[in-house]
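The values are calculated or read from the model by the stated rules, or taken from the named source; none is laboratory data. Because the structure is predicted, anything quoted here is derived from the model rather than measured. Here the Cβ positions follow ideal geometry from the backbone for every residue, glycine too, while neighbour counts run over all protein chains shown. Accessible surface areas use protein heavy atoms only, side chains included; no ligands, DNA or RNA. Shrake-Rupley method; radii C 1.70, N 1.55, O 1.52, S 1.80 Å.
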Amino acid sequence: MSAEPIPASAPEAAAVLNGTDSNGTEALNATAKFVATPEGTALAYGSLVLMALLPIFFGALRSVTCSKSKVFSQEYINLLLSVYFFGLGVLLACPHTHEPCTSGTAGCRGHRGVSWAPRGVVGTAGVVGTAGCRGHRGVSWAPRGVVGTAVSWVPWPTDVQNLSESFPNKQYQLLFTQGSGESKEEIVNYEFDTKNLVCLLISSVVGVWYLFKKHWIANNLFGLAFALNGVELLHLNNVSTGCILLGGLFVYDVFWVFGTNVMVTVAKSFEAPIKLVFPQDLLEKGLEASNFAMLGLGDIVIPGIFIALLLRFDVSLKKNSRTYFYSSFLAYIFGLGLTIFVMHTFKHAQPALLYLVPACVGFPVIVALFKGELTEMFR
């Protein structure tokens, strides 16, 4: 995932002078680039930070319960991720063979097609940036079945939980079998209830809304659901594995942002809920705003599953303390804030993992050193 390398708040508006008319009078055609106000920029970046923190915090908490209940096996999750990333890789690579899209400025319009990116690039790493591109005709795609499941995993506030408990709830079962008698074999055996059907209806409405309108609010609803499920369900075995994963993606992210323009191009041209966006011109244009700051889901899920691992490590210590979870969570806030600061200062897209990985790994390790639990952490 990538983002526009030049934030909309920097460079002043440019004016283009055309020739003269028949009377010798100069004709001025000025096309001004949108300049975000300080208030709009602060609102956009602040909202992105908040939206990034919510799925990490609640996803980590739910991962503790999920690890005990074992909702999905590792084989199932690995298969799901393989199919997901393979599909994204094919969708990204095929259009490139016909109509490659090159990176441009924040005002570019009318791109057709999607530039090539390595398999899984959208789902694993990203950068923080801004983009004002409109009119893209890229590929819009989400994994089949996600509409009916993602929203039902979103944590409910206490008052909504109380309301849902009083809601009349009936149990249903969807059963498909093959054969008869002793040779009968179950193909599908899925149990659900009325609440699941209500969630399916609501999420289907959001899905249709996004399919036809590509509205940024619908995009964010899907993005938050994906991020929450990713942090909750994707479990690392130990801290050593997490450090290796983050270290590899650290190098990967830096290369694809600073070494090529692939990340920037994909973020601008690929229309799918693979990033969180928030308009910088919301105060001026309301819900129809179109100049977005963005944050890739990979910059949420990848550090998020490591933070969730540290929370489970806290629980395993049985000391009624969440030291490593809170230290890594604060480290994520620091790293993301530093990413935004550097990007805004140098007016260039930044690989967020360049700042998030050292922070999320370094802070807990330092805490473990002071507490004398470093060996136990990496055991």
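Key figures for this structure:
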| read-out | value |
| --- | --- |
| Debye, to nearest 20: dipole size of segment 246-379, +1 on Lys, Arg Cβ, -1 on Asp, Glu Cβ | 440 |
| Farthest toward positive dipole pole in segment 158-289 [+1 Lys/Arg, -1 Asp/Glu at C-beta], among ASN189, VAL257, LEU245 | VAL257 |
| Listed pairs LYS275/LYS318; LYS195/LYS268; LYS275/LYS347; LYS195/LYS285 exceeding 29 Å between Cα atoms | LYS275/LYS318; LYS195/LYS268; LYS195/LYS285 |
| Under 11 Å, Cβ to Cβ, from PRO279 - net charge with Lys/Arg +1 and Asp/Glu -1 | -2 |
| Additional length obtainable on full extension of the chain from LEU245 to GLU186, 0.36 nm per residue less Cα span | 17.5 nm |
| Estimated FRET transfer efficiency when R0 is 22 angstrom, pair PHE378-ARG322 (beta carbons, to 0.05) | 0.70 |
| Rg to Rh quotient for segment 158-284, alpha carbon positions, Kirkwood Rh | 1.10 |
| Added length on full extension, which subtracts the Cα-Cα distance from 0.36 nm per residue, LEU174 to LYS213 | 10.8 nm |
| Projected label distance in nm at SER204 and VAL315, using a 7 Å step from Cα toward the beta-carbon | 3.4 |
| DSSP-assigned coil residues among trypsin sites (Lys or Arg not before Pro) in segment 197-297, each with at most 15 further Cβ atoms within 10 Å | LYS214 |
| Rounded percent of accessible protein surface that carbon and sulfur make up, segment 244-379, 1.4 Å probe | 71 |
| By accessible area with a 1.4 Å probe, ligands and nucleic acids excluded, highest first: order of PHE346, PHE363, PHE192 | PHE346, PHE363, PHE192 |
| Accessible surface, per residue, of segment 230-313 when the full set of protein chains is kept, probe 1.4 Å, Å² | 29 |
| Distant-in-sequence amide H partners of ALA293 (H built 1.01 Å from N, under 5 Å) | ALA131, PHE278, GLN280 |
| Cα convex hull volume per residue for segment 291-379 (Å³) | 95 |
| Net length gained if the chain between ASP193 and THR37 were fully extended (0.36 nm per residue, minus Cα distance) | 51.4 nm |
